[in-house]
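**Student:** A single structure is presented below for examination.
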Amino acid sequence: MMVTKDIRQQLHQQIDHLPDEMVGQVAEFTLFIMARRQIRPTYADWDYKEWQTFTLEQFFREADDVEYSLEDAQEIYQP
C-alpha cells in the first residue's frame, strides 16, 4: 500500500506531464473537493470576497504590539 508521501510524489509527476488544459481541469476538481469538504483554498487562490473578509478580520482584531514605520514600508516598496 502506498503512503501519502508516495502518492503525492506520483501525482506531482503525473501533473507535470499533462497538457495545460488538463492541469486546469485538475485544479478545478481540487477546488471542488476542497469546497465540498469546506477546506479553504490557499492565499494564491483567494477571490476578492475572501481577501475582503480577511482584511476586515485583520482590521477588527485586537491590536498587536508590532509597530511599523515609514522606513519599513519604503524598504519593502522600491520603485
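The values are calculated or read from the model by the stated rules, or taken from the named source; none is laboratory data. Bear in mind that the values here come from a model prediction, so they are computed numbers and not experimental data. What goes into the accessible areas is simple: the full protein's heavy atoms, side chains included, and nothing from ligands, DNA or RNA. Shrake-Rupley method; radii C 1.70, N 1.55, O 1.52, S 1.80 Å.
**Student:** Which residue is modelled with the highest pLDDT, if the candidates are limited to the range 32-47 and must be assigned to a helix (DSSP H, G or I) and open to solvent by 80 Å² or more (accessible area, probe 1.4 Å)?
**Tutor:** Just the residues of the range 32-47 that are assigned to a helix (DSSP H, G or I), to begin with: 32-36, 43-45.
Checking the rest, the ones that are also open to solvent by 80 Å² or more (accessible area, probe 1.4 Å) come to 32, 36, 43-45.
Values: Phe32: 84, Arg36: 87, Tyr43: 72, Ala44: 74, Asp45: 71.
Here the answer is Arg36.
**Student:** Scan (1) at pLDDT below 75; (2) open to solvent by less than 100 Å² (accessible area, probe 1.4 Å) for the single condition Phe59 breaks and write down its number.
**Tutor:** Looking at each condition in turn, Phe59 falls short on (2).
**Student:** For the subset of the range 1-31 comprising residues that are of a type in the set (A, V, I, L, M) and part of a helix (DSSP H, G or I), which member is modelled with the lowest pLDDT?
**Tutor:** Only one residue fits best here, namely Leu31.
**Student:** Which count do you get for residues in the range 1-19 that are of a type outside the set (A, V, I, L, M, F, W, C) and over 20 Å from the mean Cα position of the chain (by Cα)? Talk me through it step by step, then tell me what you get.
**Tutor:** Going residue by residue through the range 1-19, those that are of a type outside the set (A, V, I, L, M, F, W, C) are 4-6, 8-10, 12-14, 16-17, 19.
Okay, now just the ones that are also over 20 Å from the mean Cα position of the chain (by Cα), so 4-6, 10, 13-14, 17, 19.
Of the residues in that region, 8 qualify.
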